[in-house]
Amino acid sequence: MIVHTVADLRRERRKLPGRVAFVPTMGALHEGHRALIRAAKESAEHVVVSVFVNPLQFGEQADLDRYPRTLDADAAICAEEGAELVFAPSAAEVYPRPLEVSVQTGRMGEIVEGAARPGHFDGMATVVAKLFGMVSPDLAFFGQKDAQQLAIVRRLSEDLNLDVEIVAVPTVREPDGFALSSRNRFLSPEERVTGLALSRALFAGRDAVAEGPEAVLAAAGPVLEAAAKADPPLALDYLVLADPATFTQVPSGHRGPAVLAVAGRVGATRLIDNLPLEF
Ligand code: AMP
């Protein structure tokens, strides 16, 4: 069933007995989203999927305007994967008036991806808090693909005692390694070839993990430098080795978990990817 208003959502939500798992999305669903819905389905009696392109987390109006909207296909995918409730509100339903009170993600939202997209994580965290309030889920599923988002949502749930268990799902990739994203449809074949450097750099870094953090960065860097000289070129935003919980960069002698994260732009399309590593 698809609902468009908070009132309808709450009414249908109350009818669901047992544990409810929630999968927030911006639609244009692909295999990555399917993996989230499947994982949710395995962990709870009922699955609620939201499809909402959140204006608050977009910096550029053009990026918001061109974001793909494919609600009929999305609803069909949700039904195929056994999600019984799809919540697809309008922007006016979610934001009936300008917010006076919203979530501040602080330093965690200003570094790495947050430095490239000012305000993005505050907008994301605000809508996630609102959606948690609307859906009242027991668990919520987020992709490892957006590793800093995942880290911030964990802190959101813990710091504000939202009582929602956050579950991470590994990144789903194309056979050649390219991480699935709703934005990939914008890439020309040539841009896709350049964009493949992101995952190739991450895999090159992973191959050097036994030699330590500096070797990982040294192995990944040249792949991205080559892509920056390709036609069309990659405009690299960052390559960092970060603490998966705080997203601060790990020191050179670091032992334990880390995330190798990369972001850049090919043509008009911004791409991000990451790999969790263990030192
Ligand atoms: P989005 O619709 O892009 O906002 O993504 C909705 C959720 O799907 C987020 O938790 C993303 O991290 C997750 N997601 C997006 N792409 C992938 C992927 N390739 N593999 C796994 N999860 C993904």
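Quick notes
- Count of the range 250-264 residues which are in a strand (DSSP E or B), crowded, with 16+ Cβ neighbours inside 10 Å and free of Cβ contacts under 8 Å to residues at least 60 places away in the same chain: 2
- Look at the range 21-49: where a residue is more than 16 Å from ALA168 (Cβ to Cβ) and a partner is of a type in the set (Val, Ile, Thr) and near the ligand (Cβ under 9 Å from one of its atoms), sitting 6+ places away or on another chain with Cβ atoms under 6 Å, you get MET26/VAL53; GLY27/VAL51; GLU31/VAL172; VAL49/VAL23.
- Residue ID - nearest to MET134 (Cα to Cα), chosen from residues in the range 1-34 that are within 16 Å of the ligand (Cβ to nearest atom) and surrounded by fewer than 19 Cβ atoms within 10 Å (Cβ to Cβ): ARG34
- The set of residues in the range 193-223 that are crowded, with 20+ Cβ neighbours inside 10 Å, hydrophobic (A, V, I, L, M, F, W, C) and either outside any helix (DSSP H, G or I) or touching a Leu at 6+ places or on another chain (Cβ under 8 Å) (or both) comprises ALA197, LEU198, ALA201, LEU202, VAL216, ALA220.
- Residue that is nearest to GLU12 (Cα to Cα), among those in the range 132-179 that are of a type in the set (S, T, N, Q) and more than 12 Å from the ligand (Cβ to nearest atom): SER136
- For THR171: the one exception among (1) among the polar types (S, T, N, Q); (2) more than 13 Å from GLY264 (Cβ to Cβ); (3) in contact with a helix residue (DSSP H, G or I) (Cβ under 6 Å, 6 or more places away or on another chain); (4) assigned to a helix (DSSP H, G or I): (4)
- Taken residue by residue, the range 175-192 has no member that is surrounded by 21 or more Cβ atoms within 10 Å (Cβ to Cβ), free of Cβ contacts under 8 Å to residues at least 40 places away in the same chain and part of a helix (DSSP H, G or I).
Each value in this text was obtained by applying a stated rule to the coordinates, not by laboratory testing. For clarity, every value in this text was computed on a predicted model and none was experimentally measured. Here Cβ is always computed from backbone atoms with ideal geometry, including for glycine, and neighbour counts include all displayed protein chains.
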